[in-house]
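K.L.:
Please see the structure below; I have some questions.
The values are calculated or read from the model by the stated rules, or taken from the named source; none is laboratory data. Not measured: the values here are computed from a predicted model. Every residue, glycine among them, receives a Cβ derived from its backbone with ideal geometry; neighbour counts consider all protein chains shown. In case anyone asks, the SASA skips ligands and DNA or RNA and just uses the protein heavy atoms, side chains included. Shrake-Rupley method; radii C 1.70, N 1.55, O 1.52, S 1.80 Å.
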Amino acid sequence: KLAVEFPSEDIFLMTASPVIKAVTNFKQVSKTLEEFDVEEQPSSLLEKRYPNIKVIQSAVKQLKSDEHKIITEDGNEYVYEKLCLCAGAKPKLIFEGNPYVLGIRDTDSAKAFQKNLAQADRIVVVGNGGIALELVYEIEGCEVIWAIKDKAIGNTFFDAGAAEFLIPKLTADKRDTPIECKRTKYAMEGSENKAAPDKLGSALGPDWHEGLHLRGTKEFSHKVHLEILCEVKKIHLQQEFIQLQRTSLAFPKEEENAEPDDVLWPVYVELTNGKIYGCNFIVSATGVVPNIKPFLDGNHFAVGEDGGLKVDHHMHTSLPDIYAAGDICTASWEPSPVWHQMRLWTQARQMGWYAAKCMAADAVGESIDLDFCFELFAHVTKFFNYKVVVLGKYNAQGLGLDHELMLRCTKGQEYVKVVMQNGRMMGAVLIGETDLEETFENLILNQMDLSAYGEDLLNPDIDIEDYFD
């Protein structure tokens, strides 16, 4: 976007990675919903397409904001007129530096996971967001102990009802084989072994597990045991565990209490509910923290409560000529009543595009309105092979007790939930091929009073799309 806005200016893209993430197969599904794939491409493709872009492959060592200068790891200095920080976020690991704890955030960590899984009989997955959900669903031939701190799975995206709808899919044999992965992986020759584990990769795209062969050593398909309302208290290595002389549990069978385990495992996880399970390794899928550390030294950025760089409605940080977009930033303007920030690919793309527009407008002293994509939170994804659309305050975020929910559910087919407040639709969760996303998007955006329709709003015999066309 910057290359188009400033055709005669030099645009530098600094990245620690030899590849760039490109958005491909972009499709505008509705006013606010968009679908796309994320592909890794060699940076030379970007330079070929836009002659004024130069990609500098080096991590940033220091930002000197008062001198408008960036120093890279390789010792070079670059002076900027305007700077946008898009350094994303890094996985929030439950225990740093433990060789048995794997964080999954980028394609390289997904590869490491796949390699470990091939030799695994049992793993423990900790976390309850999108990556944990997909992971647990995709793993075959390996026992999975899934520890979540909530009552129900996927609470980032769903409520308990939607979780109940999805749970049967965890035990069912998977029927649809995903098509071969379209994504190509570029890496520098010989970089396979040199990549230090703490090097930051770029975040996974929405279809990251396709084409990865996620299979353990066992013959069965799915075996998942859910431990709810708990977190990891401690991790014991095998030696420590033997010295503790405590009992670990075998994989629980249907409805029975778990028996003591007679297998010796490389590592043991002690949960806050008092249970201990042995496993081959632990996957930490517990979200991300904004990657602001490289830029803090000597710069007085205003930082949000969630650890991101605060930006105003023009994506401007608290320092002159420095903008931020994506996972690294915290939206600090007064948001629309049905939009909230979530560290997702869709928002990263929108913020990056809008930040470039703001940088261009500021450069020529024009004023610019907040982009329409910030009017309504809208995200489309896939879980357990179902299409999932979430709109607005889909989990009644911040609405207090003064709201009501309406549900429609056809087992194994669709799940529809809307969040209503004072007769107006504030949010929705749609799982399956419901075809309701555009209608609901419009109803949330125009805040029409729907109290007259009552329960009929979700009546399957009434064609609601035609009704509100």
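K.L.:
With a 1.4 Å probe and all protein chains kept in place, how much accessible area does Leu237 have, in Å² rounded to the nearest 10?
P.N.:
Using a 1.4 Å probe on the heavy atoms, I get roughly 70 Å².
K.L.:
Ok, one more. Please quote Rg/Rh for the stretch 293-347 to two decimal places, taking the Kirkwood radius as Rh and restricting both calculations to Cα atoms. Intermediate values should be presented prior to the final figure.
P.N.:
On the way: Rg = 11.3 Å, Rh = 11.7 Å.
Ratio of gyration radius to Kirkwood radius for the stretch 293-347: 0.96.
K.L.:
Looking at the chain, what % of its DSSP beta bridges pair antiparallel, to the nearest 5?
P.N.:
Working: 56 of 85 bridges.
So the antiparallel bridges amount to about 65 percent of the total.
K.L.:
Separate question: Could you sort Glu455, Glu73, Glu34 by their accessible area in this structure, using a 1.4 Å probe and putting the largest first?
P.N.:
Numbers: Glu455 140, Glu73 110, Glu34 15 Å².
Order by accessible area, largest first: Glu455, Glu73, Glu34.
K.L.:
Could you order Lys151, Lys1, Lys233 so the one with the most accessible surface comes first? Probe is 1.4 Å.
P.N.:
On the way: Lys151 155, Lys1 85, Lys233 120 Å².
Highest to lowest solvent-accessible surface, that is Lys151, Lys233, Lys1.
K.L.:
Let me ask something additional. How much length is gained if the chain between Asp306 and Gln57 is pulled fully straight, taking 0.36 nm per residue apart and subtracting their Cα-Cα distance, in nm to one decimal?
P.N.:
Working: separation 249, 0.36 × 249 = 89.64 nm, distance 2.87 nm.
Full extension of this stretch gives 86.8 nm more.
K.L.:
So for the chain, taking the charge dipole from beta-carbon charges (+1 Lys/Arg, -1 Asp/Glu), which of Ser336, Tyr394, Ile53 sits furthest toward the positive end?
P.N.:
Value computed over the given set: Ile53.
K.L.:
Rounded to whole Å and sorted largest first, list the principal axis extents of the Cα atoms in the stretch 385-467.
P.N.:
32, 27, 20
K.L.:
Let me ask something additional. For the chain, what is the accessible area per residue in Å², given a 1.4 Å probe and the full set of protein chains? Numbers along the way, then the final one.
P.N.:
Details: 23350 Å² over 469 residues.
Here the residues of the chain average 50 Å² of exposed surface.
K.L.:
Work out the P(r) tail for the stretch 55-129: percent of alpha carbon pairs separated by more than 22 Å, whole number. Write down the numbers at each step before the final one.
P.N.:
Values: 1316 of 2775 pairs.
When every Cα pair of the stretch 55-129 is considered, 47 percent fall beyond 22 Å.
K.L.:
Let me ask something else. Run the helix sum for the chain: -39,500 (n - 2.57) per DSSP H stretch of 4+ residues, divided by residue count, reported at 222 nm to the nearest 500 deg cm²/dmol. Let's see the in-between values first.
P.N.:
Numbers: 11 runs with 91 residues, N = 469.
Theoretical 222 nm ellipticity from helices: -5500 deg cm²/dmol.
K.L.:
Please give, to one decimal in nm, the separation of the simple spin-label points placed at Asp150 and Leu46, each 7 Å out from Cα toward the Cβ.
P.N.:
Using points 7 Å along Cα→Cβ, the separation is 3.3 nm.
K.L.:
Within 10 Å, count the other beta carbons around each residue, average over each peptide in 39-45, 346-352, and list them highest first. Mind dumping the intermediate values first?
P.N.:
Working: 39-45: 16.4, 346-352: 21.4.
Descending packing order for the listed peptides: 346-352, 39-45.
K.L.:
With just the Cα atoms defining each centre, how far is the stretch 393-434 from the stretch 13-63? Give it in Å.
P.N.:
If we compute the Cα centre of each part, the gap is 35 Å.
K.L.:
Now for a separate question. On the protein heavy atoms, probe 1.4 angstrom, tell me the percent of accessible surface of the stretch 385-467 carried by carbon and sulfur. Spell out each step's value before the answer.
P.N.:
Values: 1760 of 3950 Å².
Ligands and nucleic acids excluded, carbon and sulfur give 45 percent.
K.L.:
Which of the peptides 324-330, 280-286 is most tightly packed, and how do the rest follow, judged by the mean count of other Cβ atoms within 10 Å per residue?
P.N.:
On the way: 324-330: 25.3, 280-286: 22.9.
So the peptides 324-330, 280-286, ranked by packing, come out 324-330, 280-286.
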